[in-house]
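These notes are about the structure you will find just below.
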Amino acid sequence: MTVDRLLPDQDAKDLIELTREIADKELARRVDEHERAETYPEGLFGVLGGAGLLGLPYPEEYGGGGQPYEVYLQVIEELAMRWAAVAVATSVHTLACFPVFTYGTAEQRARWLPGMLAGQLIGGYSLSEPQAGSDAGALTCKAERVADGYRISGNKAWITHGGIADFYALFARSSSGISCFLAPGAADGLTFGRPEEKMGLHAVPTTTAHWDGVVLEPDRLIGDEGQGLQIAFSALDSGRLGIAACATGLAQAALDEAVAYAKERKTFGKRIIDHQGLGFLLADMAAAVDSARATYLDAARRRDAGLPYSRQASVAKLVATDAAMKVTTDAVQVFGGYGYTREFRVERYMREAKIMQIFEGTNQIQRLVISRHLAK
């Protein structure tokens, strides 16, 4: 189904049409092959970068698309409707660019952003550790100040595009507290673990990383020493909106598959969509998808207007990912026994939805964030 979108201008409409064209041509035809074989789609992110889809919410002066978040997130949703893993990796790349753009010096932005926003350099976000997921303040990876920069030692975990990315937004503990670095994707002393054997999102690897005394030049420090948690949390507000859009796109794809099947499948002499019990189930699925979309767009519009949006970002992530889990599960139910087989995509959608309730802050953390805002 083509989603009717309320877009601010003709440029945004043209961008959505371009995204749909690329998504149908490059993503929809390749997704089943790569997800089943668990193989990386070589060259695909180069195509997305060449089309300008990897730097959309950043200014044109650095090679970005100059688009408001309201539009960027709808592009992410369109990608997720065809291939959730690619949409998630695109959102993570945007997240990885955030520290340099928001906290970097003029020299750092001029040096690195053009290649990052053009998709010539693909980014990963390296905050979590094996024993520090939701509790980011518990990081133990060290950044020791040395004569020629910072020596990084320790382990990181759950890195999307790990071992493939060209750079990482890396967070490590320095003498002044958690600090943020723009780390290269390859360096002497940097090694990656084997890709995690995940429930879903198979085509893009998620790995651990081991930093064994890797020295980073002084100009790879982003912001001030000890400013890392501030940078990480402000980046995650935007990143949560990206995941909300991914979840909404995934839920829309599951709804579309379920409706199409319900119009074709017949029982007791009529289409199953015409049985009230199943028709109402589909109606609830549609309401959940529409609500998720409205929630992330509300938060995005607040961000674009320069208003506080941290609470709304957590609400959007919570609502959209819970909706995706419910809608994809119900889609399997619509298909009956067939939905439990790999012949149809809905079983994959259900597996992919689960992780969206976990990364970029679990939904329990989102409830904590929301409740703390209410308590202020």
Determine if region 313-322 includes at least one residue that is modelled with pLDDT of 95 or more, crowded, with 18+ Cβ neighbours inside 10 Å and touching a Lys or Arg at 6+ places or on another chain (Cβ under 6 Å).
-> yes
Is one or more of the residues making up region 46-65 aliphatic (A, V, I, L, M) and out of contact with any helix residue (DSSP H, G or I) (no Cβ under 8 Å at 6 or more places or on another chain)?
-> no
So, of the residues in region 63-86 that are within 19 Å of ALA313 (Cα to Cα) and charged (D, E, K, R), which turns out to be surrounded by the most Cβ atoms within 10 Å (Cβ to Cβ)?
-> GLU77
For LEU18, which of the numbered conditions (1) under 19 Å from ALA251 (Cα atoms); (2) at pLDDT 95 or above; (3) surrounded by fewer than 19 Cβ atoms within 10 Å (Cβ to Cβ) fails to hold?
-> (1)
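Would you mind finding the one in GLU78, GLU42, GLU70 that is without any contact (Cβ under 8 Å) to a residue 24 or more places away in the chain and of a type outside the set (Ser, Thr, Tyr)?
On the way: GLU78 fails: without any contact (Cβ under 8 Å) to a residue 24 or more places away in the chain; GLU70 fails: without any contact (Cβ under 8 Å) to a residue 24 or more places away in the chain.
Of GLU78, GLU42, GLU70, the one residue that is without any contact (Cβ under 8 Å) to a residue 24 or more places away in the chain and of a type outside the set (Ser, Thr, Tyr) is GLU42.
For residues that are closer than 11 Å to ARG82 by Cβ and within 19 Å of the chain's Cα centre (by Cα), scanning just region 27-44, find the one that is surrounded by the most Cβ atoms within 10 Å (Cβ to Cβ). Give the steps one after another, and end with the answer.
Restricting attention to region 27-44, the residues satisfying the condition of being closer than 11 Å to ARG82 by Cβ are 27-32.
Okay, now just the ones that are also within 19 Å of the chain's Cα centre (by Cα), so 27-28, 31.
Numbers: LEU27: 24, ALA28: 15, VAL31: 20.
Here the residue is LEU27.
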Strands (runs of 3 or more DSSP E) completely within region 123-218 that count 2 or more residues being basic (Lys, Arg) | 142-146, 149-160
Could you grab me the full set of residues in region 95-117 that are β-branched (Val, Ile, Thr) and surrounded by fewer than 24 Cβ atoms within 10 Å (Cβ to Cβ)?
-> THR102, THR105
Considering region 287-311, residues that are surrounded by 24 or more Cβ atoms within 10 Å (Cβ to Cβ) and without any contact (Cβ under 8 Å) to a residue 60 or more places away in the chain, and then whichever is farthest from the chain's Cα centre (by Cα), we arrive at VAL289
Criterion: surrounded by 15 or more Cβ atoms within 10 Å (Cβ to Cβ), assigned by TED's automatic domain parsing to the domain that holds LEU48 and small (Gly, Ala, Ser) - qualifying residue of ALA169, ALA136, ALA89, ALA143 | ALA89
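Does ASP24 satisfy the criteria of being within 25 Å of MET356 (Cβ to Cβ), part of a loop (DSSP other than H, G, I, E, B), over 14 Å from the mean Cα position of the chain (by Cα) and free of Cβ contacts under 8 Å to residues at least 60 places away in the same chain?
The answer is no for ASP24.
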Can you pull out the residues in region 118-127 that are crowded, with 22+ Cβ neighbours inside 10 Å and among the polar types (S, T, N, Q)?
-> SER126
When you look at PRO130, is it within 21 Å of LEU53 (Cβ to Cβ), in contact (Cβ under 8 Å) with a residue 40 or more places away in the chain, surrounded by fewer than 24 Cβ atoms within 10 Å (Cβ to Cβ) and out of contact with any Lys or Arg (no Cβ under 7 Å at 6 or more places or on another chain), yes or no?
-> no
Number of the exception - TYR62 against (1) among the aromatic types (Phe, Trp, Tyr); (2) within 19 Å of THR295 (Cα to Cα); (3) in contact with a Lys or Arg (Cβ under 8 Å, 6 or more places away or on another chain) | (2)
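Where in region 44-120 are the helices (runs of 4 or more DSSP H), entirely inside, with at least 3 residues that are closer than 23 Å to ILE355 by Cα and not basic (Lys, Arg)?
Details: elements: 44-50, 69-82, 84-103, 106-117.
So the answer is 69-82, 84-103.
The values are calculated or read from the model by the stated rules, or taken from the named source; none is laboratory data. Since the structure is predicted, the reported quantities are computational estimates derived from the model, not experimental observations. Cβ sites come from the backbone with ideal geometry, for glycine too, and all protein chains shown count toward neighbours.
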